[in-house]
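Contents: one structure, followed by commentary.
Nothing in this text is a laboratory measurement; each read-out follows from the coordinates by a stated rule. Computed from a prediction, not measured in an experiment: that's the story for all the values here. Ideal geometry is used to build each Cβ from the backbone, glycine not excepted, and the neighbour counts take in all protein chains shown.
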Amino acid sequence: MHEVRTELTASVWKIVVPVGASVRQGDEIAILESMKMEIPIEAPVSGVVTEFLVEEGAAVQEGDLLARISAD
Amino acid sequence: MAFTWESALEELRRRHEEARRLGGAERVERQHAQGRQTIRERIGQIADDFTEVGEFATFPIRDAAGTEVGTLPSSYVCGLGTVDGRQVAIGGEDFTVRAGAPQTYLDRWKGGMGGFVEDLAHEYRIPLILFMEGIGGDVSAQDEKGHSYLVSSMSWRRSFELMSQVPVLVAVLGSAAGGTAGRAVVSHFSVISKGSVLFAGGPPVVRRALGQTVDKHELGGAEMHTSVSGAMDNLAEDEADAIDQLRRVLSYLPQNVWELPARGDRSDPVDRSCDELLKIIPENRRRPYKMREVMRTIVDQDSLFEIGPGWGRAVITAFARIDGIPVGVIGNNPMHLAGALDGAAAEKQIRFVDLCSTFHLPIVYLVDVPGFMVGPEAERRGVVRMGMRAIQSIIEAEVPVVTVHVRKAYGMAVSATSNPDALGLRIAWPSVEWGDMPIEGGVEAGFRREIERADDPEVFRRQAEERLLALADPWKTVEAFGMEMMIDPRQTRKVVADFLNAGLHAMRSRVGPSDRRWSMRP
């Protein structure tokens, strides 16, 4: 199971794929907003998104867990 | 016994064997079991050739009654080596002998902190490569001297002097505490392998002083120092990776400040069109992009090597080559704090700019900066002072600075991206936007009273914003020669290379120690 964490303090602007979606490494799975910029969160591995631990609009701190991906 | 060549050479051979045993089979085995190499193995891995100095320095081992029961080699190995065909001074503590403690028992000091290996680098003006693994002070030294002593009796002058003379490249492999940790940071480039630690004082010292129990990796681990403190520049996967990184960094630097860095391979065509740039930079201005990809596109193929990727992440600093010329590339990172310059990023940039200036690497700055970082945390960490230091260091840099404007350029932080007192060459792409302040917040702040007094504050604000936005058209600045050039991004490599090639003439005429006069940083 791969953990997807944020490297910055931001708010969750959009969750791009639903739980259960198959993603390839580098696919955008969510978009954060920080300093008026839309920061894409990319899948670190190819696999299935099993869980999002945040909702749209939530505030996240550096190091927070955003999602889990079960690697192929 | 009469002298015979046979017995004399036999004695030499015997002592040579002895030196190779280091602290003994058991300690060497322990070193290997922990995944670490001995100092001789490390030197063997980086140097094609090594001529050792002080090989036969030893110290006596005594029993509790003080009777000599044997000898051990000194805890430092050093000499003259060849790395990728270049002569360098190399040295390192031998952790298998007294955990690499300094050698107060010798007539002459061998190691870093002012020892022979530093004299070798200084006198011959050759780079210094240090492998650091040691516990710093050792109470048994007091036993040998017969009295306690002050560390301040030892001079650090030579170590600091080398910083303005020859490249000093350091790898921390294992534990570095106290003086060893201190020596490690007095360097132009430092790399620390995963699992290694560096601290002023280890967990037992922390427990005694503060009553805190801390894990040594949490306290001063490689990951922490390369992502939080910035005390070490780069993290290495293992010892082999650390040694590769030392070799790589050396390739961009000259032997000393009296020489220019060697020009590399020029096989990547200088007029190569950088078409990918139009894909990398999104048309949507709210979308960031990977500045490292922008850098990679412009510089010679496979020539980019990042320094300090894990800390001060709002700015990216890297060595590279353009048309074979070694350069320092700096870029704001829109993925982190939108590229706003905070205290840590400023500190990282200052260190890199000083390094480029010392060893005559021109600077290419890729700008996308919304300003100094704002907010309570940034202010508490001294963003204003650090930001001003960053501006001072780039104005003082004694190398050409070619500035490429990619997107945003707002506020004071822009002054840390070019040098208006020298040529001040700034090249813009049509994707730019700039100004004293972003219009939105700027109207709020600049017209606060007018907005409050207006019959319809909202209408006033909108009209003011529209008027100022029209003036913010970057072409108007270019027409006023407030920006030196506007180019098609795809031609960037060629344009930058042209100016770097022209700059070599000035660089050759100015080669030598730094002439910087501003001895005080704000």
Taking segment A:2-71, the whole-percent share of alpha-carbon pairs separated by over 16 angstrom is 36 percent
Filter the GluC sites (Glu not before Pro) in segment A:37-72 to those in DSSP coil with at most 16 other Cβ atoms within 10 Å of their Cβ, and list the result. A:55, A:56, A:62
Could you give the size of the charge dipole of the protein assembly as shown about its Cα centre, using +1 on the Cβ of each K and R and -1 on the Cβ of each D and E, expressed in debye and rounded to the nearest 20? 1040 debye
Helical contribution to [θ] at 222 nm, DSSP H n ≥ 4, -39,500 (n - 2.57), averaged over chain B, rounded to 500: -10500 deg cm²/dmol
Restricting to bridges with both residues inside chain B, how much of the DSSP beta-bridge set is antiparallel, in percent to the nearest 5? 45 percent
Classify segment B:212-326: rounded, prolate or oblate, from the alpha-carbon gyration tensor (a ≥ b ≥ c, eigenvalue square roots; a/c under 1.5 rounded; otherwise prolate if a/b is larger than b/c)? oblate
Determine how many Å³ per residue the convex hull of the Cα atoms of the protein assembly as shown encloses. 210 Å³
Only counting other Cβ atoms within 10 Å, I'd like B:365, B:124 sorted with the fewest neighbours first. B:124, B:365
Which semi-axis lengths, in whole Å and largest first, follow from the square roots of five times the eigenvalues of the Cα gyration tensor of segment B:156-237? 24, 15, 9
Ranked highest first by the average count of other Cβ atoms within 10 Å around their residues, in what order do B:333-346, B:416-429, A:18-31 fall? B:333-346, B:416-429, A:18-31
Kyte-Doolittle mean at least 0.5, axial Cα span of 18 Å or more - DSSP H helices of chain B: B:383-396
Is segment B:414-489 best put as rounded, prolate or oblate by its Cα gyration tensor, with a ≥ b ≥ c the root eigenvalues, rounded for a/c under 1.5, and otherwise prolate when a/b is larger than b/c, oblate when not? prolate
Counting only GluC sites (Glu not before Pro) that are in a DSSP loop and have at most 15 other C-beta atoms within 10 Å, tell me the longest site-free stretch of chain B. B:1-236
At 1.306 mPa s and 10 °C, Stokes D of chain B from Kirkwood alpha-carbon radius, µm² per second: 62 µm²/s
What are the lysines whose alpha-carbon lies under 21 Å from the alpha-carbon of residue B:290, with same-chain residues fewer than 8 places away excluded? A:14, A:36, B:279, B:348, B:408
Ascending count of other beta-carbon atoms within 10 Å, so fewest first, for B:294, B:399, B:191: B:399, B:294, B:191
